[in-house]
């Protein structure tokens, strides 16, 4: 045994010892707690602090399918995960690691990378929770797409196997190699192109091309119009409402000063070399924009900035950051500012993060984080996707989640617990199918509440 192997052996031994306390097979069990909270009430409780006229849109989007409900139901599953077995090994959690929260975006070097891309719920916690959230999403997606019954078991097992095998590799790697590990989308695509069908190759090329086109110029063409005062954001209510159309009590000068103050607070959180760039832009317009599924109703703004001239636009997104749904079950974040909680968690988990990440506080004391808008972002369309593609996607997501966890946790201890057999993979597959059943029951209760008028839904 080499010196490096010896240095990691205590952590591996710790992980192996945990199998006696928490057998891997126990992770396959799902039984709702006798005092399980009403999932409808959990979701409705989140609406209290949201923009009320947008809440019906949230309910409508979540009601489209059990898969859509799952995407928006992070609070429900967080409560459920708190009743499942845990090893006690903690990492920086994504907090909402379902399959649609993985995707591509532009690195600071302008390459396309694949990674987790949603961190609204990020918090330190048990690594198993992210794995179960991801795996269950594949069982639910399998049902959504009408795959065979075997596939709703096979897909979560594939994702978990990829996670386990990747973690075994990261346990052997040097710390710096773990830190720099990433998936360059175009490199991976070229490496696997000869293994893909012509249909898959065409779909992959189209996906990469579309992602690269999503930038500020693309958003500028879609979301702005020319007026007497220059370009401004178009009005597309209720999904996109410019600030000028939102009732407020401020006179124009006071409003401009408030916007400047919020923006300056954001700039002050940036590294000096990024400040130099951002401060070259001038404010043009802003609008509230509806985004996502579970996030609908939170305050989310897009800001149009102008650089050298009108043909040099730059968009930022300012998104509300509330307390993580995991804070009902885990210790509160060490960061009092939830925008900072999101940013710090994202930078810890991602291999490459947006250079423009920062945070600020609104005039009403609302916490926000800030990032680029339409920064070559893209996600896999699961609806109707061929099974062969989803199988590959499950493996990629599993690898990516393991890399994310290895950056903040102890990969040797987690690997020691997981081991080389497929015992954990099979257990998580069983859990995922059982939780897919639970999700369908919760979805039925949710849609019944809408039908009965207990929850408003946008028609």
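Quick look at the numbers
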| item | result |
| --- | --- |
| Residues satisfying the stated conditions in region 434-459, i.e. in contact with a helix residue (DSSP H, G or I) (Cβ under 7 Å, 6 or more places away or on another chain), surrounded by fewer than 21 Cβ atoms within 10 Å (Cβ to Cβ) and under 26 Å from residue 129 (Cα atoms) | 440, 445 |
| Check on residue 315, assigned to a strand (DSSP E or B) and over 17 Å from the mean Cα position of the chain (by Cα) | yes |
| Hey, residue 70 buried (at least 19 other Cβ atoms within 10 Å of the Cβ), assigned by TED's automatic domain parsing to the domain that holds residue 22, under 14 Å from residue 137 (Cα atoms) and in contact (Cβ under 8 Å) with a residue 12 or more places away in the chain or not | yes |
| Residue, nearest to residue 378 (Cα to Cα), within region 196-246, restricted to residues that are modelled with pLDDT under 80 and exposed (fewer than 14 other Cβ atoms within 10 Å of the Cβ) | 205 |
| Region 143-155: number of residues that are free of Cβ contacts under 8 Å to residues at least 60 places away in the same chain and over 18 Å from residue 422 (Cα atoms) | 3 |
| Conditions (1) closer than 26 Å to residue 231 by Cα; (2) outside any helix (DSSP H, G or I): number failed by residue 322 | (1) |
| Residue count, region 97-131 (criterion: more than 22 Å from residue 185 (Cα to Cα) and in contact with a strand residue (DSSP E or B) (Cβ under 9 Å, 6 or more places away or on another chain)) | 10 |
| Lone unmet requirement of (1) over 30 Å from residue 339 (Cβ atoms); (2) in contact with a strand residue (DSSP E or B) (Cβ under 7 Å, 6 or more places away or on another chain) for residue 376 | (1) |
| Lone qualifier among 361, 342, 334 - being under 29 Å from residue 408 (Cβ atoms), surrounded by fewer than 19 Cβ atoms within 10 Å (Cβ to Cβ), touching a strand residue (DSSP E or B) at 6+ places or on another chain (Cβ under 8 Å) and assigned by TED's automatic domain parsing to the domain that holds residue 244 | 361 |
| Single match in 420, 374 (criterion: modelled with pLDDT of 95 or more and in a loop (DSSP other than H, G, I, E, B)) | 420 |
| Residue 171 more than 20 Å from the chain's Cα centre (by Cα), assigned by TED's automatic domain parsing to the domain that holds residue 423 and surrounded by 21 or more Cβ atoms within 10 Å (Cβ to Cβ) | yes |
| Scope region 276-289; condition touching a residue at least 24 places away in the same chain (Cβ under 8 Å), farther than 22 Å from residue 458 by Cα and not in a helix (DSSP H, G or I); matching residues | 280, 281, 282, 283, 284, 285, 286 |
| So residue 403, is it outside the structural domain of residue 221 (by TED's automatic domain parsing), assigned to a helix (DSSP H, G or I) and surrounded by fewer than 18 Cβ atoms within 10 Å (Cβ to Cβ) | no |
| Unique residue being over 21 Å from residue 439 (Cβ atoms) and surrounded by fewer than 14 Cβ atoms within 10 Å (Cβ to Cβ) when the list is 34, 108, 56 | 108 |
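Conditions (1) on the phi > 0 side of the Ramachandran plot; (2) in the same structural domain as residue 147 (by TED's automatic domain parsing); (3) modelled with pLDDT under 95, marked per residue:
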residue	(1), (2), (3)
347	no, no, no
381	no, no, yes
398	no, yes, no
411	no, yes, no
416	no, yes, no
429	no, yes, no
441	no, yes, no
444	no, yes, no
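The values are calculated or read from the model by the stated rules, or taken from the named source; none is laboratory data. None of these values were measured; they are calculated from a predicted model. When we count neighbours, we look across all protein chains shown, and the Cβ atoms used for this are built from the backbone with ideal geometry, even at glycine.
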